[in-house]
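In what follows, a single structure is set out as C-alpha cells and then discussed.
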C-alpha cells in the first residue's frame, strides 16, 4: 500500500505537469474569435499605441466610431500573461489578440498579422480552432520590443540568378521589409535606402490583377501614408521573368503616369471574383472601382448604388476570398456593449453582401484553386509566373525543409498546368473520356430538340388583346 507521503508527492507532480501544459498552451496558441474575455477601453500607455507620424491610418482611427477601442488596432506591448497596465492608475486589463490581416500561402496555409504586430498560422481557417504562434522572427529586430507589421504578402525575387519566393511586408513604421530567405520564419531585413526614401512611406502593398501576362513579372504597387497609389518604376523597361532583389528594392516608388487623384482614400485593396478592385475606406466600409481600369476609374460612392445593399454599412478591417467565391471578413461589431472583431463570411458573392457567422453561411462547392485565391488577395498571378519555371530545376534548390515542402506543392501544380496546356484531347486518344463525351453530346442533342420544339410553339401575334381575357 502506498504511503500518504507518496500519494501527496504524486498529486503535486500531477498538478505541476498540468500547470506547465496550461502555461505552454496559453503562450503558444490563441483563438480569439471564441474567447469570452471582455474588451475594455483604457488609456493606451505612452509609446505603445497610435503611430505618432501622420498617415491615413491615423486619420481613419481618429474618425472611426468611438466604440471601437484603439487597443484592438495598434501594436501594443503584451506581457506573457496578455495583460495591459494603465500607467497612471495601475489598473490591469486582459486583452484579446486579434488578426488584422490574413493571407493564404502557396502551400495552402493561412498566415495572420495580429494586433501585437506578430505572425500566427492556421492550416485550415474553417476547421482549425487555434492560431499557432507567434512564429519565430515575427518582428523586425528584438522579438520582445521589435517592430511589428501591418501587412504581409509573398513576392518573387532573383537572388544570385536563383529564383526565390519570399515574404515581404510593411512595418508599423511604414517601411518595406523582406525575409532573408524563403523560410517565412527567417529574419526580416529592412529595405530602407538613403537614396530611396519611398521604401519608408507605405501602408500597403499589392500587384496589378490585370497586368499584361506576356513575359510576366509582377509590378509591385503600394499605398502611401497619404493614400496615393504608387509602384516600383521599372523605367519603361520590360523586365525578364525575374529581377535581382537588390536591383528591385532600389527602384523608387512613383505614381502611375497620368493617374488621377483617387476620389476617396483606402487603407487596403484586393479583387472580387470578376476582377474589380475592392478597397477598404477610411470609414472601414467596402468600396468598388467603377471599372476594370482601376488606376483611372473612380470609386463607387453614390448612395443609389450602395444604400439598398445589406453590407453597405458593414465595417471591416480585412477581407479574404474563400474557395466558393464568397469573401471572408474581419468585421467590426460596434452595436453591442462590448465591441469586438469577428471572423465572418458574406452570404453572397457581391461585395456589399451581408456578413454572418461562418457556420451559418456554410460552404458551397469549390470554385477557385488555392493559387487563384492568393491572386484575389494580392493581384499577383502565380499561375502565370510559375508557368515560366522549370519544375525539375526549382524543387531542391533550397536546403530549408519548409521551403522544399512549399515548392513541392508548387511543382505538382505546375506540372499539372503544363500537362493541361500541352494536351490535345481530340488527338490524344489515351486522354479522351468517351463516356463523358457521349453524355455531353446526348445533352446537346436534347437541348437542340427542345429549342426546335419551343420555336414551333411560337406564333406571331396579329391582334393585341388584354392579357387577362378569357380568365
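The values are calculated or read from the model by the stated rules, or taken from the named source; none is laboratory data. All values derive from a computational prediction rather than experimental measurement. FYI the Cβ positions are ideal-geometry reconstructions off the backbone, even for glycines, and counts take in every protein chain you see.
Here is the figure for region 331-371: residues that are buried (at least 21 other Cβ atoms within 10 Å of the Cβ), in a loop (DSSP other than H, G, I, E, B) and at pLDDT below 90 total 0.
Take the residues of region 89-123 that are in a loop (DSSP other than H, G, I, E, B) and within 19 Å of residue 368 (Cα to Cα): which is modelled with the lowest pLDDT? Among those residues, the one meeting the criterion is 107.
Go through region 298-307 residue by residue and tally those that are surrounded by fewer than 17 Cβ atoms within 10 Å (Cβ to Cβ) and not in a loop (DSSP other than H, G, I, E, B).
3
Residues to consider are 270, 253, 284; find the one that is crowded, with 17+ Cβ neighbours inside 10 Å and on the phi > 0 side of the Ramachandran plot. On inspection, the qualifying residue turns out to be 284. Among the candidates 163, 150, the residue that is assigned to a strand (DSSP E or B), within 15 Å of the chain's Cα centre (by Cα) and at pLDDT below 95 is uniquely 150.
Among the residues in region 308-330, are any more than 26 Å from residue 341 (Cα to Cα) and surrounded by 18 or more Cβ atoms within 10 Å (Cβ to Cβ)? No - not one qualifying residue is present in region 308-330.
In this structure, is residue 260 in a loop (DSSP other than H, G, I, E, B), assigned by TED's automatic domain parsing to the domain that holds residue 198 and closer than 30 Å to residue 124 by Cβ?
Working: in a loop (DSSP other than H, G, I, E, B): yes; assigned by TED's automatic domain parsing to the domain that holds residue 198: yes; closer than 30 Å to residue 124 by Cβ: no.
So residue 260 fails the test.
Give the residue that is surrounded by the fewest Cβ atoms within 10 Å (Cβ to Cβ), with candidates limited to residues of region 117-135 that are over 14 Å from the mean Cα position of the chain (by Cα) and within 26 Å of residue 220 (Cα to Cα). Taking the candidates together, the pick is 135.
Does residue 292 meet the test of being assigned to a loop (DSSP other than H, G, I, E, B) and either in contact (Cβ under 8 Å) with a residue 60 or more places away in the chain or in the same structural domain as residue 204 (by TED's automatic domain parsing) (or both)?
Details: assigned to a loop (DSSP other than H, G, I, E, B): yes; either in contact (Cβ under 8 Å) with a residue 60 or more places away in the chain or in the same structural domain as residue 204 (by TED's automatic domain parsing) (or both): yes.
For residue 292, the condition - assigned to a loop (DSSP other than H, G, I, E, B) and either in contact (Cβ under 8 Å) with a residue 60 or more places away in the chain or in the same structural domain as residue 204 (by TED's automatic domain parsing) (or both) - is met.
Screening residue 144 against (1) over 15 Å from residue 191 (Cα atoms); (2) over 19 Å from the mean Cα position of the chain (by Cα); (3) surrounded by fewer than 19 Cβ atoms within 10 Å (Cβ to Cβ); (4) touching a residue at least 24 places away in the same chain (Cβ under 8 Å) leaves a single unmet condition, (4). Modelled with pLDDT of 90 or more and either assigned to a loop (DSSP other than H, G, I, E, B) or not assigned by TED's automatic domain parsing to the domain that holds residue 113 (or both), is that true of residue 221? Considered against the rule, which asks whether it is modelled with pLDDT of 90 or more and either assigned to a loop (DSSP other than H, G, I, E, B) or not assigned by TED's automatic domain parsing to the domain that holds residue 113 (or both), residue 221 comes out as no. Of everything listed in (1) closer than 24 Å to residue 371 by Cα; (2) over 21 Å from the mean Cα position of the chain (by Cα), the single unmet condition for residue 318 is (2).
The residue pairs whose first member lies in region 346-362 and is touching a residue at least 60 places away in the same chain (Cβ under 8 Å), whose second member is buried (at least 16 other Cβ atoms within 10 Å of the Cβ) and in a helix (DSSP H, G or I), and whose beta carbons are closer than 8 Å, counting only pairs six or more residues apart or on different chains, are 352/306.
Tell me, yes or no, whether region 372-384 has at least one residue that is surrounded by fewer than 21 Cβ atoms within 10 Å (Cβ to Cβ), at pLDDT 60 or above and either in a loop (DSSP other than H, G, I, E, B) or not assigned by TED's automatic domain parsing to the domain that holds residue 131 (or both). No, that holds for no residue.
Take residue 211 and decide whether it is assigned to a loop (DSSP other than H, G, I, E, B) and closer than 30 Å to residue 160 by Cβ. Before the answer, list the steps.
Working: assigned to a loop (DSSP other than H, G, I, E, B): yes; closer than 30 Å to residue 160 by Cβ: yes.
It is true that residue 211 is assigned to a loop (DSSP other than H, G, I, E, B) and closer than 30 Å to residue 160 by Cβ.
Of all residues in region 189-205, none satisfies being at pLDDT below 90 and closer than 21 Å to residue 371 by Cβ.
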